[in-house]
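Participant: Below is the structure I would like to discuss, written out as structure tokens.
Read the figures in this text as sums done on the coordinates, not as results from a lab. Source: prediction; values computed, not measured. Positions of Cβ are generated from backbone atoms using ideal geometry, with glycine treated the same way; all protein chains shown enter the neighbour counts.
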Amino acid sequence: MSIRPAVLADKHDIERLAQVLTPAAEAKQQSGDALSLLLNSNDHRIWVADSGGTIVGWLHAYLAVRVGVAPFIEIAGLIVDERYRGEGTGSKLVAEATSWAESIGLAVRVRSNSKRGATHKFYQSQGFKLLKQQYVFEFN
């Protein structure tokens, strides 16, 4: 298993795994366009876990800059194929994000749906501390 920066050729595997996190109704073309933009951004990083040429996980992190808050690196998404969970893949991907953050002197944050108890335990096992709970609202 190797961890490496994602490339556009990983698009289909990233989308396949993203179905766990993203509603199936989201257009794949939009996802592909977004991936290209993210890969070409200095403020975003995507790493993949590659097992013998098969992408079995990925992590997307970005530089979060907001008014009134010190900048930080935020993990926007992390997914590991169910068949590869418990083997340290997620930990290796998180290590990439924390290494990036440390290299520029920033903290790492992650948001997780309140229904994902196993995910919360995973992040706590990685050294993350719960800062707050919140609601997310959308207007469209």
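Participant: Rank the residues Val69, Val48 as a footprinting-exposure proxy: fewest other Cβ atoms within 10 Å of their Cβ go first. Please list the in-between numbers first.
Facilitator: Working: Val69 8, Val48 23.
Ordered by Cβ neighbours within 10 Å, fewest first: Val69, Val48.
Participant: Using a 7 Å offset from the Cα along the Cα-to-Cβ direction at both Ala70 and Asn42, what is the distance between the two label points in nm, to one decimal?
Facilitator: 2.3 nm
Participant: Write out the chymotrypsin sites (Phe, Trp or Tyr not before Pro) in region 50-140 meeting two conditions: DSSP loop, and at most 11 other Cβ atoms within 10 Å of their Cβ. Spell out each step's value before the answer.
Facilitator: On the way: sites: Trp58, Tyr62, Phe72, Tyr84, Trp100, Phe122, Tyr123, Phe128, Tyr135, Phe137, Phe139; in loops: Phe128, Tyr135, Phe137, Phe139.
Answer in residue order: Tyr135, Phe137, Phe139.
Participant: May I ask you to sort Leu21, Leu63 by Cβ crowding, counting other Cβ atoms within 10 Å and putting the fewest first?
Facilitator: Leu21, Leu63
Participant: Only Cα pairs under 8 Å and at least 6 apart count here; give the relative contact order of the chain as a rounded whole percent.
Facilitator: Computed value for the chain: 19 percent relative contact order.
Participant: Expressed as a whole number of Å, what is the distance separating the alpha-carbon centroids of region 98-140 and region 65-89?
Facilitator: Value for the Cα centre distance between the two parts: 7 Å.
Participant: Of the labelled options [x] 1.41; [y] 1.04; [z] 1.20, which one gives Cα Rg over 2.2 N^0.38 Å as computed for this structure?
Facilitator: Label [y] holds the value from this structure.
Participant: Which distance in nm do the two modelled labels at Gln134 and Ala34 give, with both placed 7 Å along the Cα-to-Cβ direction?
Facilitator: Taking the simple label geometry, Gln134 and Ala34 are separated by 1.8 nm.
Participant: Here's another thing I want to ask about it. Which value, in debye to the nearest 20, gives the size of the charge dipole of region 2-125 about its Cα centre, when Lys and Arg are +1 and Asp and Glu are -1 at the Cβ? Before the final figure, lay out the partial values.
Facilitator: Values: 14 positive and 13 negative charges, 79 e Å.
For region 2-125, the charge dipole is close to 380 debye.
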